[in-house]
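Peer 1: Once you've had a glance at the structure underneath, I'll fire off some questions.
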Amino acid sequence: MSRTASRPVAACAAALGLTLAATAPAAATVRSDPAGRHTAAEIHRFLAGFYGQHGPTPHQRAHQVSAYLKDRAAHTDGYDLLLCAQNTPQAITVGPVTTAQSAGVGWATVTTGWDGGATRSFTAYVRLESHPITLQDVDCGQ
């Protein structure tokens, strides 16, 4: 589609109150919470993108993890604290997110899948007011 052909489409979308991802800057996120806190849906999208299918990338580990959690992970030898595991999982799923407005935190159960069908779960936490959004902590539960 040419640039001139996309202008009427963008104008029509704007008239209908729609946004087009291709024409909007990546940083222009519409906040659905009037106080600027992350919603459960936003946290779920972040965690699903952060963990992907096999775990966070080196870039995500460097830029999307709180200083507190980076320090904890640095002092955890022989164990990947962000995945609560020693190896790379075959698959990862993120469960429903719960938010506690009064505590300023949201969390979800993250389940890792392993060879032979085994699964393990841990809890991932995000501060509702972290900007940019970052993984605040994990609880491996063991």
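Peer 1: Can you pull out every residue in the range 121-141 that is of a type outside the set (Val, Ile, Thr), in contact (Cβ under 8 Å) with a residue 60 or more places away in the chain and in a loop (DSSP other than H, G, I, E, B)?
Peer 2: Listed by number, the residues that qualify are LEU128, GLU129, SER130, HIS131, PRO132.
Peer 1: Could you give me the residue pairs with C-beta distances under 7 Å whose first residue belongs to the range 35-49 and is of a type in the set (S, T, N, Q), whose second residue is open to solvent by 40 Å² or more (accessible area, probe 1.4 Å) wherever it lies, and which are 6+ apart or on separate chains?
Peer 2: Filtered contacts from the range 35-49: THR39/SER32.
Peer 1: Scan the range 49-71 residue by residue and report those that are in a helix (DSSP H, G or I) and surrounded by 15 or more Cβ atoms within 10 Å (Cβ to Cβ).
Peer 2: Result: PHE50, TYR51, GLN60, ARG61, LEU69, LYS70.
Peer 1: What's the total number of residues in the range 72-120 that are without any contact (Cβ under 8 Å) to a residue 60 or more places away in the chain, open to solvent by 20 Å² or more (accessible area, probe 1.4 Å) and part of a loop (DSSP other than H, G, I, E, B)?
Peer 2: The total comes to 13.
The values are calculated or read from the model by the stated rules, or taken from the named source; none is laboratory data. This structure is a prediction, so every number in the text was calculated from the model and none was measured. Methodologically, a virtual Cβ is constructed for each residue, glycine included, from the backbone with ideal geometry; neighbour enumeration extends over all protein chains shown. Side chains included, ligands, DNA and RNA excluded: accessible areas come from the protein's heavy atoms. Shrake-Rupley method; radii C 1.70, N 1.55, O 1.52, S 1.80 Å.
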